[in-house]
1. Looking at the structure I just gave you, is A:Asp127 at pLDDT 75 or above and of a type in the set (Asp, Glu)?
2. In the stretch A:84-121, what residues are over 20 Å from B:Ala166 (Cα atoms) and more than 28 Å from the chain's Cα centre (by Cα)?
3. What are the residues in the stretch A:117-134 that are more than 23 Å from B:Arg114 (Cα to Cα) and either within 14 Å of chain B (Cβ to nearest Cβ) or not in a strand (DSSP E or B) (or both), if any?
4. From A:Gly406, A:Gly394, A:Gly384, grab the single residue that is at positive phi and at the interface with chain B (Cβ under 9 Å from one of its Cβ atoms).
5. When the residues of the stretch B:333-352 are filtered to those that are small (Gly, Ala, Ser) and more than 20 Å from B:Ala286 (Cα to Cα), which remaining residue is surrounded by the most Cβ atoms within 10 Å (Cβ to Cβ)?
6. Of A:Thr268, A:Thr298, which residue is β-branched (Val, Ile, Thr) and without any contact (Cβ under 8 Å) to a residue 60 or more places away in the chain?
7. Pick from the stretch A:135-165 the residues that are modelled with pLDDT of 85 or more and touching a Gly at 6+ places or on another chain (Cβ under 6 Å): which of them is farthest from the other protein chains (Cβ to nearest Cβ)?
8. A:Ser403: surrounded by fewer than 20 Cβ atoms within 10 Å (Cβ to Cβ) and either of a type outside the set (D, E, K, R) or closer than 30 Å to A:Ile336 by Cβ (or both), yes or no?
Amino acid sequence: MAAVTRGSFIVFRRLLSQQYRCRCFRPQCVSSGRSVQTLAFTRDRTQRRFAWRTLHTNTVNYGPVVQFKLSDIGEGIMEVTVKEWYVKEGDKVSQFDSICEVQSDKASVTITSRYDGVIRKLYYEVDATAQVGMPLVDIETESKVIQEEDVVETPAMDQEEHTHQEIKGHKTQATPAVRRLAMENNIKLSEVVATGKDGRILKEDILNFLSKQTGAILPPAPMQHIQTPPPIPVAIKPAPAMPKPMFTGKDVTEPLKGFHKAMVKTMTAALKIPHFGYCDEVDLSRLVRVRKDLQPVTQAQGVKLSYMPFFIKAASLGLLHFPSLNASLDDACQNITYKASHNIGLAMDTSQGLLVPNVKNVQMLSVLEIALELNRLQTLGAAGQLGTADLTGGTFTLSNIGSIGGTYAKPVILPPEVAIGALGKIQILPRFDASGQVTAAHIMKVSWSADHRIIDGATMCRFSNLWREYLETPEQMLLHLK
Amino acid sequence: TTPLLSSLSYPSLKSCLVAVRKGVLIFQSKSTDIHQNLALEDWIESNVDLTNRRLFLLWRSRAAVVIGRHQNPWAECNQEAMRNAGVPLARRRSGGGTVYHDIGNLNLTFFSCRKLYDRQRNLKAVTDALRRARPELDVRATERLDIVLDGKYKISGSASRLSRGASYHHCTLLHSADGSALRSVLRPQSLVSTATPPPVLSPDDPIFDTSFPKLLNAVSFCFSPEFGVSSPLAVLDPSDESLFPGIGRIASELRSWEWTFGKTPKFTVQTEINLSDDLTLERTTAQLHIEVKNGLVSSIDVTFQHQWLPQRLIHELCGVLTGERFCPHRAAAAVSALIRSERDEAQRRLHDLSTLLLTLWGEFTENLQRE
């Protein structure tokens, strides 16, 4: 097997064109002294990755507008359907950039540009029929090239010649636009510090050179030799050794959409509710042991048992005694509705954002059934496949932010509910036990928020104490089994 | 080891080089991952110099649905059925129609430079090879570039891609099929893609009891009479980044939502929906008009016959759905958040409307209009 792979490897190395091998297998050798093709990468992902740019020595004059005609597809096909444009009017294109995608009789064809220039006119809309031999786009070219068709390309192995401006025996690389800028400002390219790849001179370098022309010492360039010593003024501090990095990042603005847009509305409504907070800590040492004992049993049934099913069931048992926490207040604040079902929501961090699916009718479910349901919701959530049924109808919410991190929090109530709890991470901390000895305890912090219009502090506190009791002594839950 | 690998004769390095000098290389992909194999085709097209060479690639894939470059995935296949069956969707770079790939479907790709692009010749080589392996079979290539068995069963479809310098033509070859799986995920019209459609073979037909390795050998040697050289088969591993630099990135791009769904040409959905309120027993109908561009909802309009919901709520609903992916789950998340803020009748009706809308998302067949 290994022999074949090596064999195939060597075959492939011979197959690949010269330039590709130079580029990929010996990247360290590239320097401005060698004649290397500059490789232009464009933004378009379907574009062939190795578009080769040919540089011209001509002075840059915008040339004539050329009609670029649709060339022969082969097999005698006379017309094609334009399926996608990669450019629009006014876009700058380079030779070999993709212009459009056309389809004909099960063949998908990428049409590439013959020249550098600017697109001036598109002759067809998407889904229109284009004729072979008729104009496809108008390109205002940068040079005096007159050829009009996208000729079928035979990969040229002999395009080794490059046009570099040779100044004092050194080859410098710069695009035509940069050369023009230098020429207009009477700048010698050899004197400019190149910060581009492979010692290429960029527009920023020309601008930097211009701004420094009044006096500062030019910093020594790594790949160039400066022939004339620059003037040294008396009182100015020498510039730093490295050229200043230019930050070219741009702000990106995009409209809010979908879920995030809807959340703006929900959260605005949520903060109209007068919240009050109540925090406590829970000693989960016994629960940790119980869960450890139960895990093999649940695993045998293919169910993953975390702490959440216990937290959820304990909350439901608590809500039986404090139904006002499982209620809803109407818009006019006239009536309070005590919900019969305990649909306990679980805040879930998904790829789309924070979604809150809920487990329906927890009052009727056992801890194992809750665990099963949680598994189902977690799988759907991870795949981004939660549906409306799972995401609506919640009456009470628990947010396990501790699974990511944190201790205390200040959760926001999700309307139309009236209470929410945020669970911190479980930490092992020293605590005094009943006999006054320091022991390692599994401590989790909980932060509750409730609607102060209908819930008072005492109610929240008593609910929290009851919930805590069920978790600190899990055997108490046995007393309430039905 | 799978029968695929064990039956191959591993070529010696020398014979590989002989093949190179004479200009034809025959390779087989080790992978059965649809995206990796499509990425391999893409990589070969971009990186191999085909001036004086032909390259022939064979691959198979585990169950997957592959749509053509410019097709609409929602129109071609049932996304939910595919999700439930665990069948992935891939969009290839070449044109043509939808195909269901599984281990019973062999893919043959003929790479050449554009000047030598000739699909009929490629298909002739395949039919000749099949006849040599099983002389009694009536296999013929049609004008539509299909291969039919006994004049009525379509066992192969073609698609191709042309770019600057390179071209490839690939075709499938059905040698054993799971018809039921195929029927459950593809929409009816995808199975019949031409005016006078030949039906796809049913799984009960004993088409080829040629074993797969024998078939593979027969097909791989189909180059000899037609293209003048006989080359042994070499196996490629498309997950090997050192052999194919950059292939991982191509495969990721092919797996991405932006490529698979985002490249769908613009389409419109126009339909009428019926709504009823279970509490008040009122009924109404609504006209739904949705435009989808690049896989995102570019506009949505719901016009009711009677006063059903407050106008600002309809406006908000359309607002949260616009600009989002044409995906029922994304829409469900957005709509659920909106439902929270409503009460009573408005909430009930909004909930029903949303549920109805989301079942329609991706379920359009009769109502689909391509622009």
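1. The answer is yes for A:Asp127.
2. Listed by number, the residues that qualify are A:Glu89, A:Gly90, A:Asp116, A:Gly117, A:Val118, A:Ile119, A:Arg120, A:Lys121.
3. A:Tyr123, A:Tyr124, A:Glu125, A:Val126, A:Asp127, A:Ala128
4. Going through A:Gly406, A:Gly394, A:Gly384 in turn, just one is at positive phi and at the interface with chain B (Cβ under 9 Å from one of its Cβ atoms): A:Gly384.
5. Ranking the qualifying residues of the stretch B:333-352, first place goes to B:Ala333.
6. None of the other options fit; the residue is A:Thr268.
7. Going through the stretch A:135-165, the residues modelled with pLDDT of 85 or more turn out to be A:135-140.
Keeping just the survivors that are touching a Gly at 6+ places or on another chain (Cβ under 6 Å) gives A:139-140.
Working: A:Ile139: 16, A:Glu140: 21 Å.
Residue satisfying both the conditions and the ranking: A:Glu140.
8. yes
The values are calculated or read from the model by the stated rules, or taken from the named source; none is laboratory data. Just so it is clear, the structure is predicted and the values come from calculations on it, not from any experiment. Because the Cβ atoms are built from the backbone with ideal geometry, glycine has one as well, and the counts that use them run over all protein chains shown.
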